[in-house]
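**Q** Dumping the structure here so I can ask a few things about it.
The values are calculated or read from the model by the stated rules, or taken from the named source; none is laboratory data. Here the structure is a predicted model, which means the values were calculated and not measured. Cβ coordinates were reconstructed from backbone atoms using ideal geometry, including for glycine residues, and neighbour counts include every protein chain displayed. All accessible areas refer to the heavy atoms of the entire protein, side chains included, with ligands and DNA or RNA removed. Shrake-Rupley method; radii C 1.70, N 1.55, O 1.52, S 1.80 Å.
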Amino acid sequence: MGRSLRFVVVIILVAVLLRPGPSAKAAIGIPFGADLIAPGSNRWDDVERGLFRRMRGNIARFRIPVGFGGSPSQVEELIDDGARTVILTTEDCDFTPDRTRADLVGRGFYSVVERHPEVQFFIEVSNETNICGMDPYRARFWMLETREELRDLDRPNFGWMASMPTVLRDAEIILSRQDDGAVGDVYDAIAVHHYGDYNVWPLEDHYEWVDVTNLVLTQTSLPLYVTEIGINDPATPKPEKARRILEAVAQMPDRIRGVMVFAITEPQDNRWPQYTVDGAMADVFASRPDAPEDGSRAPLPEPRHAPSSGPPPVQRAPRRTGARP
């Protein structure tokens, strides 16, 4: 190899090595926030709510069953703190029409939806049904039935989100088209979870998270929300986990319209120490340039490749084939 050719090769290699890649400073362009696990604790204001403000979140996932101890007033506080999209999540495996209505309407959360037309709400139906042992055919039945029975709750700022299990086979059954229609026909969005040992995008292929996500991308045309994301490795420092998560979100497909970190919870909750958000993680999350300036009532960043700002309009779903009038 001649001297001039070697020089050219060296220049090319240096350029490749120095080429900037995604970083925590990259604008992620979609709503980013957290899954709040223990809102019933007595540390809500100074820990859970404080961390959400500190990370400058603008999307929040909030569990509405009575067992989680949360209240409608706490959802309104998250809205005051900057949440412009709120995911209200049902019980993991009990999301019949009666139970969902009791938690959503009976406990006062639907009144928050009515009082805040400027906020995009979703009801996320189910959570990792295979983990709690629910048969996927039964899960599919109740997803369709609950959606049909609660049509009276439809509002422009209130959408329906079907949450996927963690294994591909169950997800295939839930999304399958049968004589009674398909979940993708009557829901407005799909929820998926992303976990990895060290990274979360591209997803590590020894888990089925990537298969479930690809199934949703190919079998439906609906927007996706990552309602849980986290890095497992206990040895990786929390700020580095936060940086990798932001890098991952900046690379995700355009169909993903919001991401929530798992999880913000009370200090005494030691079930998932490798995942829980602390102050150091919150500070890294707050460094993204498209975060709200002060964490309070700031507008969302303009969605990626969207013609206008603001939350995506809810897609009103048609009635299922053979549904009752």
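**Q** Can you tell me the relative contact order of region 25-287? Whole percent, Cα pairs under 8 Å, sequence separation 6 or more. Provide the component values of the computation, followed by the final result.
**A** Numbers: 533 pairs, mean separation 61.2, N = 263.
Computed value for region 25-287: 23 percent relative contact order.
**Q** Additional query: Arrange the peptides 207-215, 266-274 so that the one whose residues have, on average, the most other Cβ atoms within 10 Å appears first. Can you show the working numbers first?
**A** Numbers: 207-215: 19.2, 266-274: 12.2.
In descending order of packing, they fall as 207-215, 266-274.
**Q** If you put +1 on each Lys and Arg Cβ and -1 on each Asp and Glu Cβ, how big is the dipole of region 71-201 around its Cα centre, in Debye rounded to 20?
**A** On the way: 12 positive and 26 negative charges, 26 e Å.
That gives a dipole near 120 debye.
**Q** Excluding ligands, DNA and RNA, what is the solvent-accessible area per residue of region 145-283 at a probe of 1.4 Å, expressed in Å²? Before the final figure, lay out the partial values.
**A** Details: 5050 Å² over 139 residues.
Roughly 36 Å² per residue, with all protein chains present.
**Q** Residue separation times 0.36 nm, minus the C-alpha to C-alpha distance between LEU153 and ASP233: what's the value? Can you show the working numbers first?
**A** On the way: separation 80, 0.36 × 80 = 28.80 nm, distance 4.16 nm.
Full extension of this stretch gives 24.6 nm more.
**Q** Then there is this: Quick one: length gained pulling ALA286 to GLU172 fully straight, 0.36 nm per residue minus the C-alpha distance? Mind dumping the intermediate values first?
**A** Details: separation 114, 0.36 × 114 = 41.04 nm, distance 3.65 nm.
Residue separation times 0.36 nm, minus the Cα-Cα distance, leaves 37.4 nm.
**Q** Moving on to the next point. Just to confirm my numbers, what's the Cα centroid distance between region 204-231 and region 78-126 in Å?
**A** About 23 Å separates the Cα centre of region 204-231 from the one of region 78-126.
**Q** Turning to a different aspect of this structure: Given N residues in region 94-205, what is its alpha carbon radius of gyration divided by 2.2 N^0.38 Å? Walk me through the intermediate numbers first.
**A** Details: Rg = 15.1 Å, N = 112, 2.2 N^0.38 = 13.2 Å.
That ratio works out to 1.14.
**Q** While we're looking at this one, here's another question. Please compute the net charge surrounding GLN120, taking Lys and Arg as +1 and Asp and Glu as -1 over other residues with Cβ under 11 Å from its Cβ. Kindly include the intermediate steps, with their values, before the conclusion.
**A** Values: positive: ARG84, ARG155, ARG257; negative: GLU118, ASP188.
Around GLN120, the surrounding residues sum to +1.
**Q** Tell me which residues come under 5 Å, amide H to amide H, from GLU266 once H is placed; ignore anything under 5 positions away on its chain.
**A** ALA38
**Q** Now, a different point. I need the per residue convex hull volume for region 25-287, using only the alpha carbons, in cubic angstrom as a whole number. If you can, show how the numbers build up before the last one.
**A** On the way: hull volume 30.7 nm³, N = 263.
Cα convex hull per residue, to the nearest whole number: 117 Å³.
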